[in-house]
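Written out below as structure tokens is the structure these notes cover.
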Amino acid sequence: MRLTRAGGGPLRRPAVLAAASALTASALLLTGCSTSDGGGSDAAGADGKITLTVADYGQFGYKEAGLFAEYHRLHPDITVRENTTANEQDYYPKLLQQLNSGSELADVQGIEVGRIKEVVDTQAGKFADLRDDIDVNDWVPWKAKQATTADGAVIGAGTDIGPMSLCYRRDLFEQAGLPADRESVAKAVTGGWQDYLKLGEKYRSKAPAGTWFMDSASAMYNAVVSSEPRQYYDADGKPVYKESPSVRKGWNLAAEAARKKLTQGLAQFQDPWVAALRKGTVATVVCPAWMAGQISTNSGSKYQGRWDIARAPGDSAANWGGSFLAVPKSGKHVKEAVELVKWLTAPEQQAAIFEAIGVFPSNKGAYALDKVKNAELAYFHDAPIGRIYAEEAQAIPEAVLGPKDAVIKDSISTQINNMEQRGTPPADAWKAATETIDKTIG
């Protein structure tokens with residue numbers, strides 16, 4: 001199957017992406033539009049009909065894939081309304097406030113992977129246990145465990161994941177005298193991220209004027225850390241980011257990239273980053289599955305076919321991103337909400353979302369469906385993304401998550417940006433990062 005477009009994902013953290021497919025007017029009426037209250041459903045009316053609310057952030061792809069309209073067709077007495085917050089960093093504090101007050105929660109709440117450990121540890125009792133309603137063996141194993149409590153309760157069903165790849169500009173590689181087919185690029189970085197930097201040095205020596213090898217050293221850092229089981233916390237829940245080998249490895253590689261001027265020093269998803277994609281000044285972007293949509297949306301039709309996708313550097317698979325759907329116990333229609341979550345995260349629906357906006361399924365059953373296994377992305381020189389990401393997804397190691405993973409990662413990324421943009425010495429940047437983190441997490 002050849003996809004003509006891709007949407008982006010869950011970085012539902014940074015930005016809303018352009019819709020990947022249009023809905024009919026009737027579908028729009030059925031799904032409803034985004035609202036600001038985030039509140040739960042109304043009680044069933046006299047006619048027995050109910051409305052379920054789904055609160056999420058960024059772009060989960062349900063409207064774009066027409067799933068809420070389809071669910072209404074299958075369940076005429078149920079209408080689903082989606083309340084979407086553009087930025088996950090605004091969404092999550094509000095969710096915590098609602099959980100603490102016990103009011104204004106939606107029937108279904110999205111939870112980002114960087115927050116799931118904190119929710120599991122501190123808020124699990126406020127969510128329905130899904131273990132009797134979903135089969136956790138349907139998901140890639142590390143995904144299901146992320147939403148499972150110590151006593152076995154499953155408080156979230158997996159939506160998408162972010163298996164890693166490398167997006168690159170074929171035409172810029174050719175102009176720099178580098179091999180440009182995806183097999184040769186993958187071979188060039190097969191030894192890992194140090195090989196990636198060596199490739200960057202080769203690119204820099206003959207780089208087309210006004211271009212840079214990579215957009216962001218902090219993105220590379222996140223990819224490096226995401227490929228390791230031990231990241232910011234140990235198995236006992238102790239923050240170990242200062243001693244973590246993966247953090248140190250990622251930090252040193254980022255510092256090297258900044259020192260060697262291999263990076264344009266852009267904070268991803270901000271206006272200068274978008275402008276760089278539009279102008280075509282970036283040769284490579286570290287590429288979890290959802291990133292393809294960001295690139296194609298922001299680069300535009302001018303660069304269609306000039307981008308390609310190769311396997312990520314090294315032999316250690318990595319995941320960056322992903323979310324869950326959870327059902328608050330306080331909802332008025334918990335049973336119906338659980339059934340909606342079960343349906344939305346089934347293989348067929350996850351495959352439909354992948355087809356519509358390009359975010360990759362966490363449900364293994366979707367990998368055998370034609371919409372996924374035969375998928376090629378036209379914008380990226382017909383890259384076989386279904387095969388690339390499915391193989392990567394099933395090789396990703398189980399990572400130890402911590403309650404403040406997102407805070408730690410963001411603080412370190414900010415200081416990497418300072419090394420790139422301001423020339424901050426690595427020692428000073430590391431000190432600033434650790435001081436910020438220590439003040440935040442205690």
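For this structure, a couple of remarks:
- Every condition in (1) under 27 Å from residue 54 (Cβ atoms); (2) outside the structural domain of residue 154 (by TED's automatic domain parsing) is met by residue 422 except one, and the failing one is (1).
- Residue list for the stretch 391-432, restricted to those being of a type outside the set (Asp, Glu), part of a helix (DSSP H, G or I) and within 23 Å of the chain's Cα centre (by Cα): 393, 406, 407, 408, 409, 411, 412, 413, 414, 415, 416, 417
- Residue 422 falls short on exactly one of the conditions (1) surrounded by fewer than 24 Cβ atoms within 10 Å (Cβ to Cβ); (2) of a type in the set (D, E, K, R); (3) touching a helix residue (DSSP H, G or I) at 6+ places or on another chain (Cβ under 7 Å), and that condition is (3).
- For the stretch 149-163, the condition of being exposed (fewer than 14 other Cβ atoms within 10 Å of the Cβ) and polar (S, T, N, Q) holds for none of the residues.
- Pairs, first touching a residue at least 24 places away in the same chain (Cβ under 8 Å) in the stretch 415-427, second part of a loop (DSSP other than H, G, I, E, B), C-beta under 7 Å, six or more apart: 417/265; 417/267; 420/265; 421/265
- Condition check for residue 219: surrounded by fewer than 19 Cβ atoms within 10 Å (Cβ to Cβ), touching a strand residue (DSSP E or B) at 6+ places or on another chain (Cβ under 9 Å), in contact (Cβ under 8 Å) with a residue 40 or more places away in the chain and in a helix (DSSP H, G or I): no
- Residues that are modelled with pLDDT of 95 or more, farther than 20 Å from residue 291 by Cα and touching a strand residue (DSSP E or B) at 6+ places or on another chain (Cβ under 8 Å) occur at least once in the stretch 156-168.
- Test: residue 238 is touching a Gly at 6+ places or on another chain (Cβ under 6 Å), surrounded by fewer than 21 Cβ atoms within 10 Å (Cβ to Cβ) and among the charged types (D, E, K, R): no
- Test set (1) farther than 30 Å from residue 368 by Cβ; (2) of a type in the set (Asp, Glu); (3) not assigned by TED's automatic domain parsing to the domain that holds residue 257 - residue 132 fails condition number: (1)
The values are calculated or read from the model by the stated rules, or taken from the named source; none is laboratory data. All values derive from a computational prediction rather than experimental measurement. Virtual Cβ from ideal backbone geometry, glycine too; neighbours counted across all protein chains shown.
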